[in-house]
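To start, the structure under review is shown below, and the notes come after it.
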Amino acid sequence: MAGERQIPSDRIASRGQLRQNGSMASETIGLEVHADAGLGVLHRLTGVIAEHRGDITSVAILDSTPPQARIYFEVELPGDLDALLLDLRGLEIVRGAQVVDSLEKIYGKRIIIMGGGAQVGQVAIGAVSEADRHNIRGERISVDTIPLVGEIPLASAVRAVARLPRVKALVLAGSLMGGEIETAVREVRQTGLLVISLNMAGSVPDAADLVVSDPVQAGVMAVMAVADTAKFTVERLKRRVF
């Protein structure tokens, strides 16, 4: 299709051909589809992916402004990528479909830092510096920040982190946090999210996995905790306050 990126033939041939214990080995791919905007578009697209035994691990509607929508999928695909693209492009609503690098591959694990602007900035210095060290060695770790004040805005933001894709750790950087924020921290920890808190006033430090006094060190430790290329494990620590 005109204007689409051509996929190297060796890349197509390699997908879906690895076998493990007699079954196809899945590979996570990124798909960007341009389709007519309207009712039922997502249903049509996911139906085709399901027919090819693709397991959709992430989906995002990048744009739904008529007349066209852009939709991004991450799919674990055990079958033939070429056949999936052919069937997607065969839908009358589809204007283009192409393979792209997955966000997991490009941006990898995410660390979110939120709280007071000055403290957030200091935590980010440590996190970005440490992430750079690991990314040079083949990791993919990205750092997101948002300065926020107020109990309810912060509590809402903490809960929203659990809905964001690929987030592995949350760092709460401020001088006073408690109340509804503490409740939100305990909720997101139940989902498996690692929560690190600065050593601040309020009840949030009591609810966090790890409490760190120095904001730069907090950023460094957050990255080390999620990096595969680090030998640091929170569960093995003798104490949780530093």
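The values are calculated or read from the model by the stated rules, or taken from the named source; none is laboratory data. Source: prediction; values computed, not measured. We place every Cβ from the backbone using ideal geometry, glycine too, and count neighbours over all the protein chains shown.
The rows are residues; the columns are (1) at positive phi; (2) at pLDDT below 95; (3) in contact with a Ser or Thr (Cβ under 6 Å, 6 or more places away or on another chain).
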position	(1), (2), (3)
Arg137	no, yes, yes
Ala155	no, no, no
Arg159	no, no, no
Pro165	no, yes, yes
Leu176	no, yes, no
Val216	no, no, no
Met221	no, yes, no
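Looking at (1) modelled with pLDDT under 90; (2) surrounded by 15 or more Cβ atoms within 10 Å (Cβ to Cβ); (3) closer than 24 Å to Pro165 by Cα; (4) not charged (D, E, K, R), which one does Gly79 not meet, given that it meets all the others? Going through the list (1) modelled with pLDDT under 90; (2) surrounded by 15 or more Cβ atoms within 10 Å (Cβ to Cβ); (3) closer than 24 Å to Pro165 by Cα; (4) not charged (D, E, K, R), Gly79 breaks only (3). When we screen Thr191, Thr183 for residues that are among the polar types (S, T, N, Q) and part of a loop (DSSP other than H, G, I, E, B), the only hit is Thr191. Kindly check whether there is at least one residue in segment 161-179 that is in a helix (DSSP H, G or I) and surrounded by fewer than 16 Cβ atoms within 10 Å (Cβ to Cβ). Scanning segment 161-179, I find no residue that is in a helix (DSSP H, G or I) and surrounded by fewer than 16 Cβ atoms within 10 Å (Cβ to Cβ), so the answer is no. Could you please let me know if Gly115 is without any contact (Cβ under 8 Å) to a residue 60 or more places away in the chain, buried (at least 19 other Cβ atoms within 10 Å of the Cβ) and not aliphatic (A, V, I, L, M)? No: the conditions fail for Gly115.
When Gln119 is tested against (1) within 20 Å of Val212 (Cα to Cα); (2) touching a Lys or Arg at 6+ places or on another chain (Cβ under 8 Å), just one condition goes unmet, and that condition is (2).
Inspect all residues belonging to segment 114-129 and state whether any of them is in the same structural domain as Gly178 (by TED's automatic domain parsing), part of a helix (DSSP H, G or I), farther than 17 Å from Leu170 by Cβ and of a type outside the set (Gly, Ala, Ser). Checked against the condition, which is being in the same structural domain as Gly178 (by TED's automatic domain parsing), part of a helix (DSSP H, G or I), farther than 17 Å from Leu170 by Cβ and of a type outside the set (Gly, Ala, Ser), segment 114-129 yields at least one hit. For segment 200-242, a residue qualifies if it is touching a residue at least 60 places away in the same chain (Cβ under 8 Å), closer than 12 Å to Val171 by Cα and β-branched (Val, Ile, Thr), and the qualifying residues are Val216, Val220, Val223. Would you be able to say whether some residue in segment 85-103 is surrounded by fewer than 18 Cβ atoms within 10 Å (Cβ to Cβ) and among the hydroxyl-bearing types (Ser, Thr, Tyr)? No, every residue in segment 85-103 fails to be surrounded by fewer than 18 Cβ atoms within 10 Å (Cβ to Cβ) and among the hydroxyl-bearing types (Ser, Thr, Tyr). Scanning segment 130-144 for residues that are part of a loop (DSSP other than H, G, I, E, B) and without any contact (Cβ under 8 Å) to a residue 60 or more places away in the chain yields one hit, Arg140.
Considering (1) modelled with pLDDT of 95 or more; (2) buried (at least 18 other Cβ atoms within 10 Å of the Cβ), the lone condition that Ile125 does not fulfil carries the number (2).
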